[in-house]
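Scroll down for the structure; my scribbles are underneath it.
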Amino acid sequence: MRSISTGIGAVKLSMVVVISLILLKLVVSVLSNSISIAAQATDSVLDIVSIAITYVALKMSITPADEKHPFGHGKAEGLAAMIQAILVLGAGGFIIYSAIQRIVRGTAIQPDEGMAVMGVSIVASYLLSRHLRLVAKATGSTAIDASARNIGADVYSAVGVLLGLLLVRLTKLVILDPIVALIMAGFVLKAGYEVTVRAFHEIVDYSLPRGEQEVLDSCLRAHEDQLVGYHSMRSRRAGSERFIDLHLVMPRDYSVEKAHAVCDHLEQDIRQKIANANVTIHAEPCNSEDCVRCSIVSCDLRASGGG
């Protein structure tokens, strides 16, 4: 529960920071008449929408499992991330359209005010994105990770806008402003693609990341002196929850109590190393025909030459 409260606290902080940046960007975009700053403000408005969606998703994800949702509500985070991805991709398209319109029409801008607000935006967005990434890593939240990536993309685009405004000021070439906006749209679309892939993997029950799969393998190797083998291992994630199930093959002379103890110990080991892991194990006896491959020294069938 502490990890969830940390996530909600991060979302509230994000709301305060992003709303402040939106107001600042909107005012300066009007004063400077810069399309790149207006594009930044638009992107930040979508950040607010995505953060609000993240907040709702986190609230839903902590709802206890019930009769109709026996696996809980963790997939609400994957759905929230997919909605965020659609918004980000839409923002990228809007920025491209606005920049092309500005190139066609041509409009004078005042870069000085914009340069100052972009400097503030870069610092604030970087610190916020870094904080959200740390929270997402600690909680395993897909929705918070999506917000971190969205706001992280703002850092790159803000740097681009700042450089563009600086070039406009030095060269007086107003066309550089919409060109920078087009470059910024590329970063926005890239962020949208990354969030889309992550959300899609969660919604369709993609397996756990390679790092967590390696942790699972290490846990099984640590128990290999008690097992004949394992198979049919599956894993998936839903928000911060991980679901893992597998079949363990045990020596035929194990009692029910001993097999249960091995399963319990393995489950505990996995849960200690993978946060919020839900583990289901099916235990089955070894096939006597395969006993020549059995590595369990205590197996009575192996000791007698395979039965």
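Set the Förster distance to 25 Å, then compute FRET efficiency between TYR97 and ILE48 from the Cβ-Cβ distance, nearest 0.05.
Numbers: r = 21 Å, r/R0 = 0.84.
My answer for the efficiency is 0.75.
Past 30 Å, Cα to Cα, is the threshold; run LYS25/LYS190; LYS12/LYS172; LYS68/LYS190; LYS137/LYS258 against it and keep the listed order. It would help to have the intermediate numbers written out before the result.
On the way: LYS25/LYS190 23 Å; LYS12/LYS172 41 Å; LYS68/LYS190 37 Å; LYS137/LYS258 36 Å.
Flagged as over cut-off: LYS12/LYS172; LYS68/LYS190; LYS137/LYS258.
Would you order ILE100, ILE274, ILE122, ILE244 from fewest to most other beta-carbon atoms within 10 Å of each residue's own beta-carbon? Write down the numbers at each step before the final one.
Working: ILE100 13, ILE274 21, ILE122 18, ILE244 24.
So the ranking, lowest neighbour count to highest, is ILE100, ILE122, ILE274, ILE244.
Placing dummy labels 7 Å off each Cα toward the beta-carbon, the span from TYR193 to GLU214 is 2.6 nm. Panel order for PHE94, PHE243, by other beta carbons found within 10 Å of each beta carbon, from fewest to most: PHE94, PHE243.
Starting from the Cα-Cα distance between HIS223 and VAL30, subtract it from 0.36 nm times their residue separation and give me the gain in nm to one decimal. Walk me through the intermediate numbers first.
On the way: separation 193, 0.36 × 193 = 69.48 nm, distance 6.54 nm.
Net length gain for the segment: 62.9 nm.
The label point for MET233 and the one for LEU23, both projected 7 Å from the Cα toward the Cβ, are 5.3 nm apart.
We did not get these values from a lab; they are worked out from the coordinates using the rules stated. Note that the structure is a prediction, hence the values are computed from the model and not measured. Glycine also receives a Cβ, built like all others from the backbone with ideal geometry; neighbour counts cover every protein chain displayed.
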